[in-house]
1. Which ones in the range 150-186 are in contact with a strand residue (DSSP E or B) (Cβ under 8 Å, 6 or more places away or on another chain), surrounded by fewer than 18 Cβ atoms within 10 Å (Cβ to Cβ) and of a type in the set (Ser, Thr, Tyr)?
2. Looking at (1) of a type in the set (S, T, N, Q); (2) surrounded by fewer than 16 Cβ atoms within 10 Å (Cβ to Cβ); (3) in contact (Cβ under 8 Å) with a residue 24 or more places away in the chain; (4) under 24 Å from Tyr236 (Cβ atoms), find the lone condition where Gln142 falls short.
3. In the set Gly227, Gly196, which member is free of Cβ contacts under 8 Å to residues at least 40 places away in the same chain and buried (at least 19 other Cβ atoms within 10 Å of the Cβ)?
4. Just checking, how many residues over the range 144-189 are closer than 20 Å to Cys99 by Cβ and of a type in the set (A, V, I, L, M, F, W, C)?
5. From (1) modelled with pLDDT under 70; (2) of a type outside the set (Ser, Thr, Tyr); (3) at positive phi, pick out the condition that doesn't hold for Gly111.
Amino acid sequence: MGVRHQPKEQGFTIIEVVLFVAITGLLAAALLSGWTAMINTQRYKDSTRTLQSFLQQQYNLVYNVENGRLQDLSCTLQGANLVIDDTSATNTPRGQSPCVVMGRYVQIQDGTKVSVKSIVGYLNGTDTTNTDIESIRLYNPQRVDFELGLSDNELDIPWQAAVVGTNDSTPKDYAIVIIRSPKTGIVHTYTKDTTGQTLGLSDIIDASNENTDVNLCLDPGVPFASGRLGVVIDAYASAQSSVRMITDGTTVCPGGNGA
């Protein structure tokens with residue numbers, strides 16, 4: 001009588017199962033990490049393009065003047081100060097007051113919030129100036145905090161990105177004055193880092209704030225493998241083409257998560 005052999009049971013050992021789970025976990029983590037990096041990259045680029053587009057649009061709106069002033073707002077010159085308020089309204093129809101809309105005051109606060117106000121001036125006498133900056137100052141331009149019906153007047157930079165220092169991740173404040181010369185019609189841009197400072201418009205409208213490129217570096221707010229991006233406003237910017245993206249972040253905007 002022959003001897004029967006019991007068939008061996010087929011299966012996986014505990015070591016094989018552990019190895020399979022470990023390798024599968026590593027592959028899943030690698031795929032998830034790559035997918036997250038890809039999403040972060042796209043969001044970061046979107047944040048940069050959004051800021052660039054917003055700043056470019058301000059130039060179009062300076063050339064195509066908007067004036068939503070209500071008739072119950074008055075505009076008067078008291079000494080050397082231009083005063084715009086609603087306490088002594090003259091009911092002067094819009095477009096017929098002695099004041100003139102000259103441009104836009106763009107303010108970046110805490111690196112993330114961008115707001116826009118009108119810049120209004122008042123001609124007191126005859127303009128006999130020789131340069132654009134002299135003509136601009138003659139009109140005694142003032143930032144107007146009253147609502148003048150401006151479009152595209154606020155932006156929250158999306159996806160946790162923030163305007164920061166060139167070599168670090170500290171949020172920055174900036175004032176960007178985009179203003180048209182009453183003498184020639186040419187648009188000028190004056191940009192100033194106002195972090196920790198309270199400055200008047202006259203402090204910002206200065207030749208030293210116009211003659212150099214201004215790099216607005218953006219920190220992504222999340223881990224990011226390559227160099228940082230940003231937006232540069234060219235020296236003597238006068239049109240939307242002067243607002244460009246910074247793509248070589250390792251040179252222009254080193255530091256931060258993109259180091």
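1. Answer for the range 150-186, where residues must be in contact with a strand residue (DSSP E or B) (Cβ under 8 Å, 6 or more places away or on another chain), surrounded by fewer than 18 Cβ atoms within 10 Å (Cβ to Cβ) and of a type in the set (Ser, Thr, Tyr): Thr166, Thr170.
2. Condition not satisfied by Gln142: (2).
3. So the residue among Gly227, Gly196 that is free of Cβ contacts under 8 Å to residues at least 40 places away in the same chain and buried (at least 19 other Cβ atoms within 10 Å of the Cβ) is Gly227.
4. Qualifying residue count for the region: 8.
5. So Gly111 meets the others, but not (1).
The values are calculated or read from the model by the stated rules, or taken from the named source; none is laboratory data. These numbers come from a predicted model, not from an experiment. So basically every Cβ, Gly included, is an ideal-geometry build from the backbone, and we count neighbours across all protein chains shown.
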